[in-house]
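Below is one structure, written out as structure tokens; comments come after it.
The values are calculated or read from the model by the stated rules, or taken from the named source; none is laboratory data. Keep in mind the model is a prediction, meaning the values are calculated, not measured. Cβ coordinates were reconstructed from backbone atoms using ideal geometry, including for glycine residues, and neighbour counts include every protein chain displayed.
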Amino acid sequence: MINFNLLPSEAREELRWEKINRSFIMHSVIIIAMVFIFILFLLIIQLYADIKLSDLEKTINLRKENVRIQEVKDLENGIKNFNGHLTTIDKIQKNHLYFSQVISIFTENVPGAVQIARLNIIQPEEKKNIAVQPKKSPSNAVSSPQKKEEKKFQININGKAEKRDDLLAFKNALEKTSCFAKIYSPLSNLVEREDIDFSFVGDLNKEFLFKE
């Protein structure tokens, strides 16, 4: 079939430009729509990234806060432990006994005629004296208070003296020192006149023991 275009050349040219314009408009709309969709997609990605970044910052800040709290707790525990050690050291220093001074004063007062065989320093244990009361009827029974004995540090001395006078002089010398409160000498020390096997028990002054 043969078609004949009977339109004038001007009409044909106008029709061609109209087709071109329609094609340009259609492609422009498609491009603008694609650009709009792309921008919208970027905005969604940006919003998602901002949300994730905000959550990440919150998590980091929370962890930092937890680390700070733990550091503060560790510091407080360290201070408590250090104070505990200081308290322990202070107690040890307060309760430290200077027996070396007792030994030094003791040896200075031992005469040549006296030989020491054994020297023991006895640290006391806490004891109680319980008063014994006669039995009474339950209605009249009255409990008596318990009295604590004062703790005493003692020294036990055993040795040999050539003469009784030497032994008495040794005992008197110890009693005059500042470290002994009292010297107990049994009567068996005075039975023999010579070659005496003696034993003393001395109460030590507590204040002297704690003095540097």
**Request:** Taking residue 29 as meeting all but one of (1) modelled with pLDDT under 85; (2) more than 39 Å from the chain's Cα centre (by Cα), write down the number of the exception.
**Result:** (1)
**Request:** Return a yes/no flag: does segment 202-211 have any residue that is modelled with pLDDT under 80, of a type in the set (A, V, I, L, M, F, W, C), surrounded by 11 or more Cβ atoms within 10 Å (Cβ to Cβ) and assigned to a loop (DSSP other than H, G, I, E, B).
**Result:** yes
